[in-house]
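Enquirer: This is the structure, below, for whatever I ask next.
The values are calculated or read from the model by the stated rules, or taken from the named source; none is laboratory data. Quick caveat, the model's predicted, so the values are computed rather than measured. Cβ sites come from the backbone with ideal geometry, for glycine too, and all protein chains shown count toward neighbours.
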Amino acid sequence: MARSKPVTLGRRHLAHEWVSFDDPDEARTWVFDLTFLLSRWSCIFGRGCQGVLTGPAEELAQGCCSYGAHFVDDEDEGTVAAAAARLTADQWQHRAKARRGGWVVTDDAGARVTRLVNGACIFLNRPGFARGPGCALHVGALDAGERPLDWKPDVCWQLPLRRNDEVEGVRVTSTVRQWARSDWGEGGAEFHWWCTESPDAFSAGVPVYVALRDELVELTSEVAYALVASHCDARLERAKPLPHPAAKKR
């Protein structure tokens, strides 16, 4: 059964409405940030995104690619390895550098992460490149008629969504919500700008649950998505949803 109610989060008392469902196929409860899913957030890379450095850097067109992408496991890295092997020089500005020195490194904490070139991820094409700025993996996927999420590191295609699992006994509670700057760890506090906090990113023509259907299905399941999408449809028909705190700043 769905349960929907507003919840107050954090010191700023930013109200979000949440909905939860029991999964019909497994011992799992899904909890969704309904306020974010019903919002009109969209990625504004190249359209006002200020990046995640310590000051405004829209002109660099780095988005959230300034620090490279961490891989969650070997499968994640393997997916990107297969995709990188398919990229051509006209799709990937730093392809030659990757062939000479590799595109993945191990950081001081022992994590595997994409290599940085000139202050950003090696897969990031920069302003002035013939295909324009942006992720080479994204470009390659679209050229191949495939989904970018099937080519990119997990952390990259999941943004701005985040899933957290909590296990209690044999039951799992999985929460799907917006990615906050705090999810980046201590470094997130140094970001000059973060998109889910900015009203500039809340002007899309369709709500998040529609625009990011594929990403939500990958994060959850077809069944879970059908449940929350049905609830979102009904919620929009029934009454105006709770405005997203960031969108209210417009």
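Enquirer: Filter segment 85-111 down to residues that are assigned to a loop (DSSP other than H, G, I, E, B) and either in contact with a strand residue (DSSP E or B) (Cβ under 9 Å, 6 or more places away or on another chain) or surrounded by 15 or more Cβ atoms within 10 Å (Cβ to Cβ) (or both), then give me how many there are.
Expert: Keep residues of segment 85-111 that are assigned to a loop (DSSP other than H, G, I, E, B), which gives 85-94, 102-103, 107-111.
If we keep only those that are either in contact with a strand residue (DSSP E or B) (Cβ under 9 Å, 6 or more places away or on another chain) or surrounded by 15 or more Cβ atoms within 10 Å (Cβ to Cβ) (or both) too, we end up with 86-87, 91-94, 103, 107, 111.
Total meeting the criteria: 9.
Enquirer: To continue, here is another question. Output the residues belonging to segment 119-174 that are free of Cβ contacts under 8 Å to residues at least 60 places away in the same chain and either among the acidic types (Asp, Glu) or touching a Pro at 6+ places or on another chain (Cβ under 6 Å) (or both).
Expert: Passing the criteria: Asn125, His138, Ala141, Asp143, Glu146, Asp165, Glu166, Glu168.
Enquirer: Check Val176 against each of (1) within 26 Å of Ala69 (Cα to Cα); (2) assigned to a helix (DSSP H, G or I) and name the one condition it does not meet.
Expert: Tallying (1) within 26 Å of Ala69 (Cα to Cα); (2) assigned to a helix (DSSP H, G or I), Val176 fails exactly one: (2).
Enquirer: Please enumerate the residues belonging to segment 153-170 that are touching a strand residue (DSSP E or B) at 6+ places or on another chain (Cβ under 7 Å) and charged (D, E, K, R).
Expert: Within segment 153-170, Arg162, Arg163, Asp165, Glu166 qualify.
Enquirer: Of the residues Glu59, Glu75, which single one is in contact (Cβ under 8 Å) with a residue 12 or more places away in the chain, part of a helix (DSSP H, G or I) and surrounded by fewer than 18 Cβ atoms within 10 Å (Cβ to Cβ)? First the steps, then the outcome.
Expert: Details: Glu75 fails: in contact (Cβ under 8 Å) with a residue 12 or more places away in the chain.
Exactly one of Glu59, Glu75 is in contact (Cβ under 8 Å) with a residue 12 or more places away in the chain, part of a helix (DSSP H, G or I) and surrounded by fewer than 18 Cβ atoms within 10 Å (Cβ to Cβ), namely Glu59.
Enquirer: If you don't mind, another one. Can you spot a residue in segment 132-148 that is surrounded by fewer than 18 Cβ atoms within 10 Å (Cβ to Cβ), in contact with a strand residue (DSSP E or B) (Cβ under 9 Å, 6 or more places away or on another chain) and at pLDDT below 95?
Expert: Scanning segment 132-148, I find no residue that is surrounded by fewer than 18 Cβ atoms within 10 Å (Cβ to Cβ), in contact with a strand residue (DSSP E or B) (Cβ under 9 Å, 6 or more places away or on another chain) and at pLDDT below 95, so the answer is no.
Enquirer: I'd like to know if segment 175-196 contains one or more residues that are touching a residue at least 40 places away in the same chain (Cβ under 8 Å) and hydroxyl-bearing (Ser, Thr, Tyr).
Expert: The answer is yes; a qualifying residue exists.
Enquirer: Assess whether Pro207 counts as being under 24 Å from Pro243 (Cα atoms), in contact (Cβ under 8 Å) with a residue 24 or more places away in the chain, touching a Ser or Thr at 6+ places or on another chain (Cβ under 8 Å) and not aliphatic (A, V, I, L, M).
Expert: Numbers: under 24 Å from Pro243 (Cα atoms): yes; in contact (Cβ under 8 Å) with a residue 24 or more places away in the chain: yes; touching a Ser or Thr at 6+ places or on another chain (Cβ under 8 Å): yes; not aliphatic (A, V, I, L, M): yes.
Answer is yes for this residue.
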